[in-house]
Amino acid sequence: MARRGAPRRTALPALAAAAALALTACGGGSGGATPGGEVTSLRVLDYYNNEPDKTVYARKLDECGQQAGVAIERETIPGPQLVAKVLQQASSRTLPDVLMLDNPDLQQIAATGALAPISDFGLSVDGFQEGVASASTFEGQVYGLQPVTNSLGLFYNVDILAQAGIQPPTTWDELKTAAAALTQGERYGVAFSAVADYEGAWQFLPFMWSNGGDETDIATPQTAQALQLWVDLVNSGSASKSVLNWGQADVKDQFAAGNAAMMVNGPWQFPALDEVAGLKYEVVPIPVPRAGQDVVAPLGGETWTIPQTGDPARQAKAAEIVACLNTDENQIALATDRTTVPTKTALRDRFVTEVPRMAAFTDVVQTARSRTGKLGAEWPAAATKIYTAVQTALTGGAAPLQALQQAQDG
């Protein structure tokens, strides 16, 4: 996706999709084999239609195809169109052999019966980070393997903080103090995305979860305290009121232009920031409520699945592709090329040694969790309530706890 980790508007109810996907039992990818014959090609669908991801995955899929003895027929489409495309293909019985899904979408699609459990092909999530495995699990069955993941961190302008004599903050109190001190003239101390969509909810989760907030009940003192932090940053002028309208790319632009000394964002911004002349930046974990706590951030990234095409031979070959994408070497390669983090925990130290700039994100991933781990296919509804409450509180429409209660009741 263009902004990896940035959640998209794909909240199509699983029950509404079920009728279309029920047709998949006798569907299947066409071409590349005769009935009962040798499989010579596989159809792959993903949303890596922007560079560098498009080329990175083209190369890796072709390598895996060569190992499996098949040609890869790949289709890439914009991220927001993927779920609708899957539903259309299901109804016309033309599901691909290998399907990539944004990890929050997996449970919604798995609930309809469109995906095959990976255990059917001898695959498992043994050794994978717990939250990553959870994101690919529905009702006790694992339906995908995710080679890399990402999350959120706190970027800071090295020169601006050094000139002010300020160390990168590690706690909420330090964040408020540092942001206030770094706010001068047209420059804000910190920037984040509080936009009224899934990006806004995604950016709020590290603050909500690290303080003990829970998506199953957002109207709690813990979540209200996290929201109050954001309200305080905006009302004090340490963060711009424009955070209400900024997506993560906008936040990056403000940081790159020197209009924010710090920002909440993800490693997918590295390539753009690296092109900014004279910009020196580093990344640390997002500050936590109290010293010594671990940040609990959301896991981003995509999982690779094997649709129920009704063709066992093609599914077996598809499983080889999914397994290939998740070898140790390919996880390291994909993480390096895409500024993401390998999902196998045993690869952590090796990866940080090879790619030191990813150290903060690699640390954050160890305690991060999936957005769908508790609510499954109901996560989109919860995310909508979260960003609605954030907008209400930041615009002064209600105090944080009241805004959260209104959103939850609504």
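The values are calculated or read from the model by the stated rules, or taken from the named source; none is laboratory data. Predicted model, so just to flag it, every value in this text is computed and none were measured. So basically every Cβ, Gly included, is an ideal-geometry build from the backbone, and we count neighbours across all protein chains shown.
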Next on the checklist: Just checking: which of the helices (runs of 4 or more DSSP H) contained wholly in the stretch 1-112 hold 3 or more residues that are under 21 Å from the mean Cα position of the chain (by Cα) and modelled with pLDDT of 95 or more?
Outcome noted: 53-68
Item to check | Residue satisfying all of: in the stretch 264-283; outside any loop (DSSP other than H, G, I, E, B) and more than 20 Å from the chain's Cα centre (by Cα); surrounded by the fewest Cβ atoms within 10 Å (Cβ to Cβ) among these | outcome: D274
Next on the checklist: Of the conditions (1) touching a helix residue (DSSP H, G or I) at 6+ places or on another chain (Cβ under 7 Å); (2) hydrophobic (A, V, I, L, M, F, W, C); (3) outside the structural domain of I109 (by TED's automatic domain parsing); (4) surrounded by fewer than 23 Cβ atoms within 10 Å (Cβ to Cβ), I286 satisfies every one except a single condition; which number is it?
Outcome noted: (4)
Checklist outcome for this item: If we take the stretch 125-197, then helices (runs of 4 or more DSSP H) inside it with 3 or more residues that are more than 30 Å from I332 (Cα to Cα) and of a type in the set (V, I, T) are none
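Being touching a strand residue (DSSP E or B) at 6+ places or on another chain (Cβ under 6 Å), surrounded by fewer than 21 Cβ atoms within 10 Å (Cβ to Cβ) and either closer than 30 Å to E215 by Cα or modelled with pLDDT of 95 or more (or both) is true for just one of A261, A323, A291. Which residue is that?
Numbers: A261 fails: surrounded by fewer than 21 Cβ atoms within 10 Å (Cβ to Cβ); A323 fails: touching a strand residue (DSSP E or B) at 6+ places or on another chain (Cβ under 6 Å).
On inspection, the qualifying residue turns out to be A291.
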Checklist entry - G310 versus (1) assigned by TED's automatic domain parsing to the domain that holds V44; (2) at pLDDT below 95; (3) in a helix (DSSP H, G or I): which is the lone unmet condition? => result (3)
Next on the checklist: Considering only residues that are touching a residue at least 12 places away in the same chain (Cβ under 8 Å) and more than 22 Å from M358 (Cβ to Cβ), which ones fall in the stretch 262-292?
Outcome noted: P289, R290, A291
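Tell me yes or no: at least one residue of the stretch 295-306 is of a type in the set (A, V, I, L, M, F, W, C), in a helix (DSSP H, G or I) and either assigned by TED's automatic domain parsing to the domain that holds L101 or at positive phi (or both).
Going residue by residue through the stretch 295-306, those that are of a type in the set (A, V, I, L, M, F, W, C) are 295-297, 299, 304, 306.
So of that shortlist, the ones also in a helix (DSSP H, G or I) come out as none.
Checked the stretch 295-306: no residue is of a type in the set (A, V, I, L, M, F, W, C), in a helix (DSSP H, G or I) and either assigned by TED's automatic domain parsing to the domain that holds L101 or at positive phi (or both).
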Checklist entry - Within the bounds of the stretch 140-147, is there any residue that is assigned by TED's automatic domain parsing to the domain that holds C324, under 20 Å from the mean Cα position of the chain (by Cα) and either at pLDDT below 95 or over 25 Å from F361 (Cβ atoms) (or both)? => result yes
Checklist outcome for this item: If we ask which residues in the stretch 212-227 are assigned to a helix (DSSP H, G or I) and crowded, with 18+ Cβ neighbours inside 10 Å, their number turns out to be 5
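Would you check if V296 is in contact (Cβ under 8 Å) with a residue 12 or more places away in the chain and more than 18 Å from P52 (Cβ to Cβ)? Quick ask: steps written out before the conclusion?
Working: in contact (Cβ under 8 Å) with a residue 12 or more places away in the chain: yes; more than 18 Å from P52 (Cβ to Cβ): yes.
Considered against the rule, which asks whether it is in contact (Cβ under 8 Å) with a residue 12 or more places away in the chain and more than 18 Å from P52 (Cβ to Cβ), V296 comes out as yes.
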Checklist entry - Considering the stretch 317-350 alone, what residues qualify as being among the aliphatic types (A, V, I, L, M) and within 17 Å of S124 (Cβ to Cβ)? => result A318, A319, I321, V322, A323, L325, A346, L347
Item to check | The one condition in (1) assigned to a helix (DSSP H, G or I); (2) buried (at least 20 other Cβ atoms within 10 Å of the Cβ); (3) among the polar types (S, T, N, Q) that T372 fails to fulfil | outcome: (1)
